[in-house]
Amino acid sequence: MIRDDATAQQIKAASPTRNTWLSANAGSGKTRVLTDRVARLLLSNVEPQNILCLTYTKAAASEMQNRLFQRLGEWAMLDDETLIGALRDLGVGGELNLLRARQLFARAIETPGGLKIQTIHAFCASILRRFPMEAGVAHDFQEMDDRSGHLLRDEVLEQMAEDSDRPLVEDLVRYFTGADIDSFLQSIIGRRHDFQMAVSRNDVWDWLELDTDVTVHTLIQDLFTPDVKALIPQVVPILRQHSKTMIDWADRLASLDLDAPGRTDLDQIINAFLTKGNTIRANHPTGKAASDLGALAEGLMHLGNRVFDTKQTLLKLDVAQRTLALHQFAHQFVHRFEAAKAARGWLDFDDLIHRTSLLLNDSDLAQWVLYRLDGGIDHILVDESQDTSPEQWRVIRSIAREFMSGEGAHGDKEWSIFVVGDPKQSIYSFQGADPAEFQNMRAWFGDKLEAVLNPLQDLPLRHSFRSSPAILDTVDVALKDVAGLGETPDHAAFHAAMPGRVDLWPFLEKEEEPKPKPWNDPVDLPAPTNHDVLLAQSIREEIARMIEFERVPKFDKDTKTHVFKPVTPGDIIVLVQRRSPLFHHLIRECKSHGIPVAGADRLKIAGELAVKDLTALLSFLATPEDDLSLAAALRSPLFGWTENELFHLAHGRDKNAYLWNALSHADAPNTLEVLSDLRAQADFLRPYDLIDRILTRHDGRRRLTGRLGTEAEDGIDALLSQALAYERMDVPSLTGFLTWLAAEDVEIKRQMDTNPTEVRVMTVHGSKGLEAPVVILPDTGKRDLRGRGDLVSLNGNTVWKPRSEDMPEVLSGMVDALKDREREERMRLLYVAMTRAESWLTVAGAGEVAKEAADSWHQIVAAGLDNLPTKTFETPLGHARRYQEQDWPEPSRHEVAAPQLVARDLPDWAELPAPHLSRAPKPLVPSDLGGGKVVSGAEAGQDSDIAKRRGRQIHRLLEFLPSYPHQDWPHHAGALLAFGEDAAPPDELSDLLAEAQAVLTAEHLGYLFDGNALAEVAVSAPVDIAGRRRIHGVIDRLVITPERVLAVDFKSNLTVPDRVEDIPEGILRQLGAYETALSAIYPDREIVSAVLWTRQAQLMELPKDIALRAFGRLDAEPAAT
């Protein structure tokens, strides 16, 4: 069989018998090579569970698994001849086992745990769950998400600010000038291992090459020496005889207090000799002044050098002081944070990698764990290896080391290593990726494999199956000499005859916005002449023109050639470097002009309208007094109220009435039915179930998407996912979920369709793995290099970087290196962006023109096109350049087909009414079992509502006051009864407090209110009485001992019975219900019930069976419901 070079190279790389290191260009089919290699391993009698394939993202793992199962599934159904052809195309030689090929799908499906195609984090989590004791982690640990991490960092910081570590927090914030303290704390946690050990002042001073005794005071003494004090008065009169600049200089020097110089004088002399950039001022003194100064000029210049040295020492001293404050704070913060995680059984992503690395490398049990793993993994495949961090490589190396030792479970087994990556596409340094590790690991594996006589074959994949020659030529010439790609780009197009074009639009330079703006314009509204607005409008015009007039080559599977077809919205991707104003202008322009656009590639949950509407409704359910949230919910699509309807409801209520009270009496039966149902369920349903009830039972999803469009689905589904994540991390409650949700503005990645029908606007990072016939790069202007991060490493030690103007020379080289690495990563980002295009790449730009060509993508591409034949054409922004290969049809209008909706017949069951299901009987409520609750003949004429209200008030005080100091009871009682339907005026409050205090301070009742008694205990138990099957109730106080269980119910009756026999029937039934429920829960203990009469602070225990007999009379007299 004759194969082309590209296919032959892929087959060679996929051979399961060789260890392979594959350097794969963009679009070269590395995912296919990976799946081919796994398939050939399976065909070679390797069991699925013995293969480990590590990918960088969950999406990549899912894509690879889907491709593999699709192929194996096809093999199971093919006839012999077709299957033989498929296996030969795969590169399988020799005798074929067709039966095994057909069985592979079932084998892979039935493998326990499935094929191990997973991310490195998922793999490490599986190891830790398998060996929790050896790794020192909880066996049921949870993976901490970003939001939980944010809340935990806030909690630890707050604890430190409130206890003995408060001085550490104060020292830190003295130097912290940022806007987001959590990002800074996150940076500290990201470097947690640097803060495990405490460091001293001397340690930090040594890092920065400072004498340990240097202070500002010593610097002043060392600078203002007697010779300086003598020099300055001599030069001042001479300098004042020269230019204005020299006169100003002389005035500064004359203002110095030479007798007792202090910090102000130090700053003054530094400003006199140095510029804002901390360099010595030029022409100070001027030539003429120096001539007049004579020998004094040399002393003045010598003083300038000393001032420069002093300034550098002062800058280092500032860095040392802030770094010391950082380490002292971070040492305690990290230890507290780790302890808080351990207490909750949480691990973050870094923990998964680090703990697995320790387990496999450093622990005494490493050999045992490796032996156990070794027996289960024979073949390792690593995808996207250029984005693998050094710590992740440690995990991979520790497993592979067993292979290469020739010992352990692999002494007599076949094994292999396969690594694929592309250093030109390493763009995730912010997640720890280091492209240098790609080369280091290639050398390390090469040496180790050479030593065991199983050498590593190093193969490149040059051919791109994606892009046209025009795109690849431009990439090669534009990026030929840029730093950071690891190797010179060298591409070959598999489809050599594929037409392609690269357009370079003129750069739209930034212009100052007109001032002043109209007073009534929003302050953040860009001017119509803003460069980003104009560029967005121009690109929108071009997209509309493409969709209406242009055609692009698309591969036709039948003819195996590229055929020109009309451009559709789904053919276009617009890629930006960051989500800047231009990003949002582009989406807004497309939407406002009817161009189908998928929206932002990432969405912030809190910013989605559908989520705002749902959280407003949830906030009302949690706090019915929240008028604003209720108003927002009513105006939302969930209820569809008009502004006028809401105004009349709110305006017509009583002055102090809540909006919910007004709504309760309004003529809105549908709204009231929904809200009443949700209020009744809010205390019992988990947040996820409550949201689902809103969306499904009450038609919320249809209402929201009907008003807001299908894009609302993403926000709704994200909110549901957040609810599930919250329930995994904490005890679920509605209030807790709302607090958790508000803790951080969570951003999630929107899943783009594999067959898109809309224009996609996204960042280059988000486009990794995607491709499109048309790619537009509008964000190609100058971007400042900042040297990412506040914390940097100086000779292996973490230092807190100051502002650029306060940077000492000892750190400037390190910061320059950081900027160089940032510049190199941007070059790799440009490579990724350009290689997403199949046939048409458009490069535009707006903003500041870069002085250095390397700082502007636009200038880099322009320089590359200088080496290719281009022609000029017109764009909305003027003359542009185009490099094109092969003929391209002239633009001509074509019909833009509207998406066709296919009508489908509904199945019969969808049109039938749901079968009637009999409702389960309601549970018994102990407090509502019928029978009187007032002593016979007593309290005649007292309003029952007033009595019930007083009972609730007393209950509330008895529930909460025991948890506060006695002297604070009056204050907390007022707060507890300040709002709601049970609010008490001052005169009534004093009477209620006196009654509660009498109960709480009674010595014989003390055991009911200490820390051992439980308050407001919800109980639920099965029963079979009066046609009911379950009891649900709340016991006021429950005292549990090893021998007995005492249930106490508070009663605030005015009249108290003298004997147990005179207790009202309703109270006896209630206590009998509690005894029945507790008997089912504690069958081995004595169950006792009692009434606490709050008026007399009297506890009346019930004799055995008296309450149970009253409860049993329900069968003869059904309970009121």
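The values are calculated or read from the model by the stated rules, or taken from the named source; none is laboratory data. Values in this document were obtained by computation on a predicted structure and should not be read as measured data. Quick reminder, even Gly has a Cβ in these numbers, built from the backbone with ideal geometry, and neighbours come from all protein chains shown.
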Next on the checklist: Please verify whether ILE1035 is surrounded by 20 or more Cβ atoms within 10 Å (Cβ to Cβ), modelled with pLDDT of 90 or more and not in a strand (DSSP E or B), treating the condition exactly as stated.
Outcome noted: no
Next on the checklist: Step by step: first the residues of the range 678-700, then only those that are surrounded by 14 or more Cβ atoms within 10 Å (Cβ to Cβ) and farther than 24 Å from VAL731 by Cβ, then the one that is nearest to the chain's Cα centre (by Cα). Which residue is that?
Outcome noted: GLY700
Item to check | Which listed residue, of ASP154, ASP145, is closer than 30 Å to LEU365 by Cβ, under 20 Å from the mean Cα position of the chain (by Cα), surrounded by 13 or more Cβ atoms within 10 Å (Cβ to Cβ) and not hydroxyl-bearing (Ser, Thr, Tyr) | outcome: ASP145
Checklist entry - How many of the residues making up the range 374-397 are assigned to a helix (DSSP H, G or I) and either in contact with a Gly (Cβ under 8 Å, 6 or more places away or on another chain) or surrounded by 20 or more Cβ atoms within 10 Å (Cβ to Cβ) (or both)? => result 10
Checklist entry - In the range 302-342, which residue that is without any contact (Cβ under 8 Å) to a residue 24 or more places away in the chain and outside the structural domain of LEU168 (by TED's automatic domain parsing) is farthest from PHE141 (Cα to Cα)? => result HIS302
Next on the checklist: Can you go through GLU645, GLU608, GLU625, GLU673 and tell me which one is closer than 20 Å to THR739 by Cα and more than 31 Å from the chain's Cα centre (by Cα)?
Outcome noted: GLU625
Next on the checklist: Looking at the structure I just gave you, is ASN66 among the polar types (S, T, N, Q) and modelled with pLDDT under 90?
Outcome noted: yes
Item to check | 1 or more residues more than 22 Å from HIS1004 (Cβ to Cβ) and not assigned by TED's automatic domain parsing to the domain that holds GLY1033: qualifying strands (runs of 3 or more DSSP E) within the range 1043-1121 | outcome: none
Checklist outcome for this item: Filtering the range 791-834 down to residues that are charged (D, E, K, R) and crowded, with 17+ Cβ neighbours inside 10 Å yields LYS801, ARG821, GLU822, ARG823, GLU824, GLU825, ARG826, ARG828
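In the range 820-855, what count of residues is obtained for those that are of a type in the set (Ser, Thr, Tyr) and either in the same structural domain as SER429 (by TED's automatic domain parsing) or not in a strand (DSSP E or B) (or both)?
From the range 820-855, those of a type in the set (Ser, Thr, Tyr) are 831, 835, 839, 842; that's our starting set.
Checking the rest, the ones that are also either in the same structural domain as SER429 (by TED's automatic domain parsing) or not in a strand (DSSP E or B) (or both) come to 831, 835.
Selection size over the range 820-855: 2.
So that you can scan it fast, the table gives a plain yes or no per residue for (1) hydrophobic (A, V, I, L, M, F, W, C); (2) in contact with a Cys (Cβ under 8 Å, 6 or more places away or on another chain):
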| position | (1), (2) |
| --- | --- |
| LEU347 | yes, no |
| ASP351 | no, no |
| THR356 | no, yes |
| LEU359 | yes, no |
| ASP364 | no, no |
| LEU370 | yes, no |
| ILE377 | yes, no |
| ASP383 | no, yes |
| PRO390 | no, no |
Next on the checklist: List the residue pairs whose Cβ atoms are under 8 Å apart, where the first residue sits in the range 42-60 and is basic (Lys, Arg), the second is crowded, with 18+ Cβ neighbours inside 10 Å, and the two are 6 or more positions apart or on different chains.
Outcome noted: LYS58/THR119
Checklist entry - In the range 183-216, what count of residues is obtained for those that are out of contact with any helix residue (DSSP H, G or I) (no Cβ under 6 Å at 6 or more places or on another chain) and within 26 Å of PHE349 (Cβ to Cβ)? => result 11
Checklist entry - Which of the residues spanning the range 779-811 are of a type in the set (S, T, N, Q) and in contact with a Ser or Thr (Cβ under 7 Å, 6 or more places away or on another chain)? => result THR780
Checklist entry - In the range 199-253, what residues are in a loop (DSSP other than H, G, I, E, B), under 47 Å from the mean Cα position of the chain (by Cα) and not polar (S, T, N, Q)? => result VAL199, LEU208, GLU209, LEU210, ASP211, ASP213, VAL214
Next on the checklist: For the range 1054-1070, give me each residue that is touching a helix residue (DSSP H, G or I) at 6+ places or on another chain (Cβ under 8 Å) and either buried (at least 20 other Cβ atoms within 10 Å of the Cβ) or β-branched (Val, Ile, Thr) (or both).
Outcome noted: VAL1060, LEU1068, ARG1069, GLN1070
Next on the checklist: Going by what's in this entry, would GLY974 be described as at pLDDT below 80, of a type outside the set (Phe, Trp, Tyr) and either exposed (fewer than 10 other Cβ atoms within 10 Å of the Cβ) or part of a helix (DSSP H, G or I) (or both)?
Outcome noted: no
Next on the checklist: So for the range 104-120 (the condition being among the hydrophobic types (A, V, I, L, M, F, W, C), within 17 Å of VAL38 (Cα to Cα) and surrounded by fewer than 20 Cβ atoms within 10 Å (Cβ to Cβ)), does at least one residue qualify?
Outcome noted: yes
Next on the checklist: Among the residues that make up the range 159-175, is at least one of them at pLDDT below 90 and not assigned by TED's automatic domain parsing to the domain that holds ALA742?
Outcome noted: no
Checklist entry - Is it the case that the range 160-169 has a residue that's of a type outside the set (D, E, K, R) and in contact with a Ser or Thr (Cβ under 9 Å, 6 or more places away or on another chain)? => result no
Next on the checklist: Condition check: in contact (Cβ under 8 Å) with a residue 60 or more places away in the chain, in contact with an Asp or Glu (Cβ under 8 Å, 6 or more places away or on another chain) and either under 30 Å from LEU724 (Cβ atoms) or assigned to a loop (DSSP other than H, G, I, E, B) (or both). Does LEU704 satisfy that?
Outcome noted: yes
Item to check | Search result, residues across the range 267-278 that are surrounded by 11 or more Cβ atoms within 10 Å (Cβ to Cβ) and out of contact with any Lys or Arg (no Cβ under 9 Å at 6 or more places or on another chain) | outcome: ASP267
Item to check | Residues being modelled with pLDDT of 90 or more and among the acidic types (Asp, Glu) - total across the range 378-434 | outcome: 2
Checklist entry - Do we find that ILE1025 is in contact with a Leu (Cβ under 6 Å, 6 or more places away or on another chain) and buried (at least 17 other Cβ atoms within 10 Å of the Cβ) in this structure? => result yes
